[in-house]
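Enquirer: What follows is a structure written as structure tokens; I'll ask about it next.
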Amino acid sequence: MIEESHPLEQLFQDLVGRHYGEEIGLRDPQLIAYVSHLLAEFCEADQLFKIRNTNNRPITDVGEMLLESDPVYGPAPCFDRERQVRKHIGDYTLFFAGMFPESINHFRLRHNRLENFIDWIKAGKESYYVVSKFEHFEYAKVAPLFANLSKNFEECVYGLNMVKNELQEMQHPITRRTDELIM
């Protein structure tokens, strides 16, 4: 787990805060902190692929994750598992749709896959909505955050795409050379 004081976490906090707040109008500090932390956390592959099936194999397909989250007809042993998997589906789809949208069509080549970008958006938005309905006991404090993520899912994806573009610009040789001259 990456600490809040880690430079990567702070970089994402600045980028997400600026793009979400100034360009999209999402100024919720809790939402910005959550998405920033998500970016830092998903830098570790173990976090990105933490949902595993009964054979302890990482599940990388959103369709399979949706099946895994079903506590009634699927393998989820309880509603807490449903919440855990649904939260991950929201995080996973937000991350890929915002940072690597071009990779989503690649997933169409295998069976049992959600068909396209729109299906990923729907799965992420719906999953955050389901998580927001866990509004009792230990989940009461964060339920409004997930309702907000569901409500503003498309805007969050768009904002992450702007973050991605800025990160790419930061890697451009001209930008890097200018920074070296200024310092």
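The values are calculated or read from the model by the stated rules, or taken from the named source; none is laboratory data. All of these numbers come straight from a predicted model, not from anything done at the bench. All Cβ positions, even for glycine, are placed from backbone atoms using ideal geometry, and neighbour counts span all protein chains on display. Heavy atoms of the whole protein, side chains included, go into the accessibility calculation; ligands, DNA and RNA do not. Shrake-Rupley method; radii C 1.70, N 1.55, O 1.52, S 1.80 Å.
Enquirer: For the residue pair residue 45 and residue 70, what label-to-label distance in nm results when each label sits 7 Å from Cα along the Cα-to-beta-carbon direction?
Expert: Going by the 7 Å Cα→Cβ label model, 3.1 nm.
Enquirer: Still on this structure: Using only the heavy atoms of the protein chains and a 1.4 Å probe, how would 24, 121 rank by accessible area, largest first? Intermediate values should be presented prior to the final figure.
Expert: Numbers: 24 45, 121 20 Å².
I get 24, 121, largest accessible area first.
Enquirer: While we're here: Within the chain, what whole-number % of the accessible surface is contributed by carbon and sulfur, with the 1.4 Å probe and all protein chains included in the calculation?
Expert: Details: 5790 of 10500 Å².
Answer for the chain is 55 percent, counting heavy atoms of protein chains only.
Enquirer: Can you name the helices of the chain, as whole DSSP H runs, whose Cα span along the helix axis is 24 Å or more and whose Kyte-Doolittle mean is not below -0.5?
Expert: On the way: long enough: 79-99 (29 Å, -0.61); 153-171 (27 Å, -0.45).
Span-like helices, by this rule, are 153-171.
Enquirer: Just add up the charged neighbours of residue 83: K/R +1, D/E -1, any other residue whose Cβ is under 15 Å from the Cβ of residue 83. Could the numbers behind the result be given before it?
Expert: Working: positive: 50, 81, 86, 87, 133, 141; negative: 68, 70, 80, 82, 91, 126, 135, 138.
Net local charge, residue 83 excluded: -2.
Enquirer: Give me the dipole magnitude in Debye, nearest 20, for the chain about the Cα centre, with unit charges on the beta carbon: positive for Lys and Arg, negative for Asp and Glu. Walk me through the numbers before you get to the answer.
Expert: Numbers: 20 positive and 29 negative charges, 103 e Å.
With only Lys, Arg, Asp and Glu charged at Cβ, the dipole is about 500 debye.
Enquirer: If we count every other residue with Cβ under 12 angstrom of residue 21's Cβ, Lys/Arg +1 and Asp/Glu -1, where does the sum land? Please report the intermediate quantities before stating the final value.
Expert: On the way: positive: 18, 27; negative: 14, 22, 23, 28, 155.
Net of charged neighbours comes to -3.
Enquirer: Separate question: Once label points are set 7 Å from the Cα along Cα→Cβ at both residue 155 and residue 53, what is their separation, rounded to one decimal in nm?
Expert: About 3.8 nm, to one decimal.
Enquirer: R0 = 35 Å: FRET efficiency of residue 3 with residue 119, Cβ-based, nearest 0.05?
Expert: Working: r = 35 Å, r/R0 = 1.00.
In this case the efficiency is close to 0.50.
Enquirer: Moving on. Let me check something: with ligands and nucleic acids excluded, how do 54, 93 order by accessible area (1.4 Å probe), largest to smallest?
Expert: Details: 54 120, 93 0 Å².
The residues order as 54, 93, largest area first.
Enquirer: Still on this structure: Return the calculated 222 nm mean residue ellipticity for the chain, to the nearest 500 deg cm²/dmol, obtained by summing -39500 (n - 2.57) across DSSP H runs with n ≥ 4 and dividing by the residue count. Provide the component values of the computation, followed by the final result.
Expert: Details: 9 runs with 111 residues, N = 183.
After summing the helix terms and dividing by the residues of the chain, the value is -19000 deg cm²/dmol.
Enquirer: Can you figure out the FRET efficiency of residue 172 with residue 103, using R₀ = 25 Å and their beta-carbon distance, to the nearest 0.05? Numbers along the way, then the final one.
Expert: Values: r = 21 Å, r/R0 = 0.85.
Computed FRET efficiency for residue 172 and residue 103 comes out at 0.75.
Enquirer: Shifting gears a bit: Could you sort 18, 57 by accessible area so the largest value comes first, with the probe set to 1.4 Å? Numbers along the way, then the final one.
Expert: Numbers: 18 80, 57 115 Å².
My answer, sorted largest first, is 57, 18.
Enquirer: Lys/Arg Cβ at +1, Asp/Glu Cβ at -1, dipole of the chain taken about the Cα centre: which of 149, 49, 25 is farthest positive-ward?
Expert: Among 149, 49, 25, the one farthest towards the positive end of the dipole of the chain is 49.
Enquirer: A further question follows. Among (1) -0.64, -1.14, -1.27; (2) -0.60, -1.02, -1.14; (3) -0.50, -0.91, -1.03, which is the computed log10 I(q)/I(0) by the Debye sum over Cα atoms at q = 0.12, 0.16, 0.17 Å⁻¹?
Expert: Here the calculated entry is (2).
Enquirer: With the contact rule set at Cα under 8 Å and sequence spacing of 6 or more, what percent relative contact order holds for segment 26-81? Mind showing how you got there, number by number?
Expert: Details: 29 pairs, mean separation 8.0, N = 56.
Computed value for segment 26-81: 14 percent relative contact order.
Enquirer: For Cα pairs less than 8 Å apart in space and 6+ apart in sequence, what is the mean separation divided by the residue count of the chain, i.e. the relative contact order in percent?
Expert: Numbers: 207 pairs, mean separation 33.7, N = 183.
It comes to 18 percent, rounded to a whole number.
Enquirer: Using +1 on the beta carbon of Lys and Arg, -1 on that of Asp and Glu, and nothing else charged, what's the dipole of segment 1-78 about the Cα centre, debye to 20? Intermediate values should be presented prior to the final figure.
Expert: On the way: 5 positive and 14 negative charges, 37 e Å.
Roughly 180 debye, rounded to the nearest 20.
Enquirer: Count the net charge of all other residues whose Cβ sits under 11 Å from the Cβ of residue 48, scoring Lys and Arg as +1 and Asp and Glu as -1.
Expert: -3
Enquirer: Quick one: accessible area per residue over the chain, 1.4 Å probe, rounded to a whole number of Å²?
Expert: On a per-residue basis, the chain sits at 57 Å².
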